[in-house]
Amino acid sequence: MGFLLSTILLLAFALLAIIDGFYLHIFKYQLFNNKESKFEHLVHTIRAILFPMIVYFLFISQNCLTSFYLGVLFVITDIIVLGIDAFVEKDSRSFMGGLPRWEYILHLFVNGFHFSSIAVFFALKLTYTENGIEIVQDLSNLKNYELFHFVAVNLLPGAIIIALVHIFTALNLTKSYWNKLRMKITCC
């Protein structure tokens with residue numbers, strides 16, 4: 001049941017993250033083009049880079065304690081960067097009259113699903129014994145693990161593409177290409 005829940009949460013996060021992180025931040029509002037929101041875009045870029053690393057090292061790369069510890073490190077880093085993002089967001093959206101209330105609510109759901117999927121995974125990965133907390137090395141025998149693993153593996157390429165788009169738009173050298181491409185699209 002745990003892996004089914006974590007899979008649903010991970011998919012909900014991925015869907016809402018594309019709407020928020022790609023459509024709103026990059027495509028519609030073009031945060032990378034506004035002086036006030038450049039730092040926010042940099043923070044989003046860091047989080048976009050961290051997500052595929054979390055997926056790979058925490059969710060996909062099983063049976064390796066080093067990968068698990070790296071995944072935990074990336075999760076902790078993501079939490080810190082999220083705090084920075086929340087702190088700067090009000091000022092960085094001054095060019096558009098502040099963060100719309102509905103987008104703030106979207107951010108709550110996106111991050112809630114993201115960290116809930118991780119928390120459920122930790123509940124499956126860590127076991128409590130009389131000797132303390134132990135890390136379960138092999139989760140493949142648990143129900144719905146194959147589905148979770150399949151989803152995580154198939155989310156990874158899209159997550160890497162979103163991270164590359166964030167990097168592409170963060171760099172002055174390459175964001176002009178994005179801006180030219182964006183100008184050709186007249187909808188949305």
**Prompt:** Here are some residues: Ala119, Ala152. Which one is assigned to a helix (DSSP H, G or I), touching a residue at least 40 places away in the same chain (Cβ under 8 Å) and either farther than 30 Å from Ile26 by Cβ or not aromatic (Phe, Trp, Tyr) (or both)?
**Reply:** Ala152
**Message:** Being on the phi > 0 side of the Ramachandran plot, of a type in the set (Gly, Ala, Ser) and out of contact with any His (no Cβ under 6 Å at 6 or more places or on another chain): is that true of Gly71 here?
**Reply:** no
**Prompt:** From the list Leu42, Leu147, which residue is part of a helix (DSSP H, G or I) and over 20 Å from Leu9 (Cβ atoms)?
**Reply:** Leu42
**Request:** Name the one entry in Asp20, Asp78 that is among the acidic types (Asp, Glu) and closer than 30 Å to Ser140 by Cβ.
**Result:** Asp78
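Conditions (1) modelled with pLDDT under 95; (2) under 18 Å from Ile18 (Cα atoms); (3) surrounded by 12 or more Cβ atoms within 10 Å (Cβ to Cβ); (4) more than 20 Å from the chain's Cα centre (by Cα), marked per residue:
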position	(1), (2), (3), (4)
Glu89	yes, no, yes, no
Arg93	yes, no, yes, yes
Pro100	yes, yes, yes, yes
Glu103	yes, yes, yes, no
Val120	no, no, yes, no
**Request:** Determine which member of the set Leu11, Leu50, Leu4, Leu65 is crowded, with 16+ Cβ neighbours inside 10 Å and either closer than 23 Å to Leu142 by Cα or in contact with a helix residue (DSSP H, G or I) (Cβ under 9 Å, 6 or more places away or on another chain) (or both).
**Result:** Leu50
**Request:** Would you mind finding the one in Leu108, Leu126, Leu82, Leu70 that is in contact with a helix residue (DSSP H, G or I) (Cβ under 6 Å, 6 or more places away or on another chain) and free of Cβ contacts under 8 Å to residues at least 60 places away in the same chain?
**Result:** Leu70
**Asked** Which pairs have Cβ atoms under 8 Å, sit 6 or more apart or on different chains, and link a residue in region 39-54 that is without any contact (Cβ under 8 Å) to a residue 24 or more places away in the chain to one that is aromatic (Phe, Trp, Tyr)?
**Response** Met53/Phe74
**Prompt:** Can Ser116 be described as at pLDDT below 95 and surrounded by 13 or more Cβ atoms within 10 Å (Cβ to Cβ)?
**Reply:** no
**Failed condition for Leu124, given (1) among the hydrophobic types (A, V, I, L, M, F, W, C); (2) closer than 21 Å to Phe3 by Cβ; (3) not in a helix (DSSP H, G or I)** = (3)
**Message:** Please pick out the residue among Phe3, Phe22 that is in a helix (DSSP H, G or I) and more than 12 Å from the chain's Cα centre (by Cα).
**Reply:** Phe3
**Fill in**
Reported set for region 145-188 where residues are surrounded by 13 or more Cβ atoms within 10 Å (Cβ to Cβ), closer than 19 Å to Ser61 by Cβ and not aliphatic (A, V, I, L, M) is Tyr145, Phe148, His149, Gly158
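The values are calculated or read from the model by the stated rules, or taken from the named source; none is laboratory data. Owing to the predicted nature of the structure, the values given are computational and were not obtained by experimental measurement. Ideal geometry is used to build each Cβ from the backbone, glycine not excepted, and the neighbour counts take in all protein chains shown.
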